[in-house]
Amino acid sequence: MPRVFKRRVGAITFLARHVMLDHLAWEVIRGLPDRFATRHEQVSIYCGIHKGFGASWLRRGYKIALQTEQMFDENGKPLWGQSRKRARRVSFAAWAADLVLDLSAANRRFYEEHCPQALAEGKIRFGPHIFPSHPLPFDSGGDEAAAFFGSIGDGRRVKVLEGLDFPVRILTSGTFFEDLYQQVRDCSAVLNIHFEQGVYTEAPRLLTSLYCGKPLVSERLGAPFLPDEHYIPIDAHDIVDHRAVFERLSRFVSDNLSFARFLRENRV
């Protein structure tokens with residue numbers, strides 16, 4: 001099996017099978033309060049269960065499966081996350097884990113169809129509960145370009161990029177951690193373009209934008225995020241107050257969607 005990245009903080013160990021998911025684990029850990037304590041002596045968090053973790057599921061202690069893929073959008077449209085291999089891995093994780101955190105409430109239909117028992121047992125939680133427990137500061141530095149990072153491919157993202165009327169800086173592919181932060185901080189905002197047409201939220205990208213102190217400029221996101229309130233619509237890039245949007249989002253997620261609060265409320 002390919003490498004499993006591991007990060008530990010106190011009793012919690014994050015496991016990931018891709019550097020992008022290890023980056024997410026690194027950011028989630030940064031948002032935990034100092035000396036955060038869990039009820040369980042050992043907690044394993046499997047970050048990105050669509051990748052599969054093999055024998056790592058045999059670890060002792062309490063197990064949380066973190067599901068990051070988009071199965072459906074907010075209007076029920078099927079999305080790319082439903083390949084047979086991914087569906088099998090997510091279904092196995094829902095059986096093997098003590099608790100599943102799926103970042104999108106729109107994915108409930110997947111569990112109704114594939115994991116009804118886990119859903120009935122109350123093992124599944126929904127929502128982007130990955131944010132820090134404290135607000136983060138706005139960074140007013142950088143030039144006017146919006147930073148885009150992630151896969152471009154040759155599909156709809158290329159067409160959207162070509163149609164924008166503000167400058168965009170496409171960052172070096174495969175850049176993560178502090179190297180990514182430095183590139184983002186040289187810009188005024190983070191640009192989010194959906195891989196497929198739909199209404200859904202790329203919560204990990206939103207998390208990175210917060211740590212860099214930059215607002216998110218995006219196509220329509222899913223609930224609970226509101227345009228103009230928590231992010232800047234693409235067609236209002238030059239109109240909305242960047243600082244005000246960033247600060248509202250930072251307060252909202254730290255008050256309502258922190259990972260620490262998720263752990264406490266689920267008695268982990």
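The values are calculated or read from the model by the stated rules, or taken from the named source; none is laboratory data. Since the structure is predicted, the reported quantities are computational estimates derived from the model, not experimental observations. Virtual Cβ from ideal backbone geometry, glycine too; neighbours counted across all protein chains shown. All accessible areas refer to the heavy atoms of the entire protein, side chains included, with ligands and DNA or RNA removed. Shrake-Rupley method; radii C 1.70, N 1.55, O 1.52, S 1.80 Å.
Going through Ala94, Ala65, Ala55 one at a time, which residue ends up being of a type in the set (A, V, I, L, M, F, W, C), more than 22 Å from the chain's Cα centre (by Cα) and more than 22 Å from Val199 (Cβ to Cβ)?
Exactly one of Ala94, Ala65, Ala55 is of a type in the set (A, V, I, L, M, F, W, C), more than 22 Å from the chain's Cα centre (by Cα) and more than 22 Å from Val199 (Cβ to Cβ), namely Ala55.
Output the residue which, of all residues in segment 179-213 that are part of a loop (DSSP other than H, G, I, E, B) and under 16 Å from the mean Cα position of the chain (by Cα), is farthest from Leu21 (Cα to Cα).
Of all residues in segment 179-213, those part of a loop (DSSP other than H, G, I, E, B) come to 186-188, 193-202, 212-213.
Filter again for under 16 Å from the mean Cα position of the chain (by Cα), leaving 193-195, 199-202, 212.
Working: Ile193: 19, His194: 18, Phe195: 17, Val199: 22, Tyr200: 19, Thr201: 16, Glu202: 13, Cys212: 18 Å.
If we take residues in segment 179-213 being part of a loop (DSSP other than H, G, I, E, B) and under 16 Å from the mean Cα position of the chain (by Cα), then Val199 is farthest from Leu21 (Cα to Cα).
So which of Glu27, Glu41 is acidic (Asp, Glu) and in contact with a Gly (Cβ under 9 Å, 6 or more places away or on another chain)? Write out each step before concluding.
Numbers: Glu27 fails: in contact with a Gly (Cβ under 9 Å, 6 or more places away or on another chain).
After ruling out the rest, the residue left standing is Glu41.
What are the pairs with Cβ atoms under 8 angstrom where one residue, in segment 239-264, is basic (Lys, Arg) and the other, located anywhere, is part of a loop (DSSP other than H, G, I, E, B)? Sequence gap at least six, or different chains.
So the pair list comes out as Arg243/Phe138; Arg243/Ser140; Arg243/Pro215; Arg248/Glu229; Arg248/His230; Arg251/Pro135; Arg261/His129; Arg261/Ser133.
Residues Ala96, Ala87, Ala118, Ala106: which one is in the same structural domain as Ala55 (by the TED database), in contact (Cβ under 8 Å) with a residue 60 or more places away in the chain and more than 11 Å from Leu66 (Cα to Cα)?
Residue meeting the stated conditions: Ala106.
Test Phe166 against the criterion of being open to solvent by less than 30 Å² (accessible area, probe 1.4 Å), part of a loop (DSSP other than H, G, I, E, B) and within 23 Å of His242 (Cα to Cα), and give yes or no.
Taking the combined requirement at face value, the residue satisfies it.
Please identify the pairs in which a residue from segment 139-157 that is within 14 Å of Asn192 (Cα to Cα) has its Cβ atom under 6 Å from the Cβ atom of a residue that is surrounded by 11 or more Cβ atoms within 10 Å (Cβ to Cβ) and among the basic types (Lys, Arg), counting only partners at least 6 apart or on another chain.
Ala145/Arg169; Ala147/Arg169
For Tyr200, work out the one condition from (1) open to solvent by less than 20 Å² (accessible area, probe 1.4 Å); (2) farther than 20 Å from Glu27 by Cβ it doesn't fulfil.
(2)
What do you reckon, is Ile232 open to solvent by less than 10 Å² (accessible area, probe 1.4 Å) and either among the aromatic types (Phe, Trp, Tyr) or over 23 Å from Gly31 (Cα atoms) (or both)?
Answer is yes for this residue.
For segment 136-159, how many residues meet the condition of being in contact with a Phe, Trp or Tyr (Cβ under 6 Å, 6 or more places away or on another chain) and small (Gly, Ala, Ser)? Lay out the reasoning, then the answer.
Just the residues of segment 136-159 that are in contact with a Phe, Trp or Tyr (Cβ under 6 Å, 6 or more places away or on another chain), to begin with: 138.
From the residues that got through so far, the ones that are small (Gly, Ala, Ser) too are none.
Residues meeting the conditions: 0.
Report, by residue number, each residue of segment 17-52 that is part of a loop (DSSP other than H, G, I, E, B) and open to solvent by 20 Å² or more (accessible area, probe 1.4 Å). Spell out the reasoning first.
Pass one, segment 17-52, residues part of a loop (DSSP other than H, G, I, E, B): 17-18, 31-42, 48, 52.
Hits for segment 17-52 are Arg17, His18, Pro33, Asp34, Arg35, Phe36, Ala37, Thr38, Arg39, His40, Glu41, Gln42.
Mind listing just one residue for me: the one in segment 222-238 that is within 16 Å of the chain's Cα centre (by Cα) and in contact (Cβ under 8 Å) with a residue 24 or more places away in the chain and, of those, farthest from Leu79 (Cα to Cα)?
Looking at the filtered set, the residue picked out is Tyr231.
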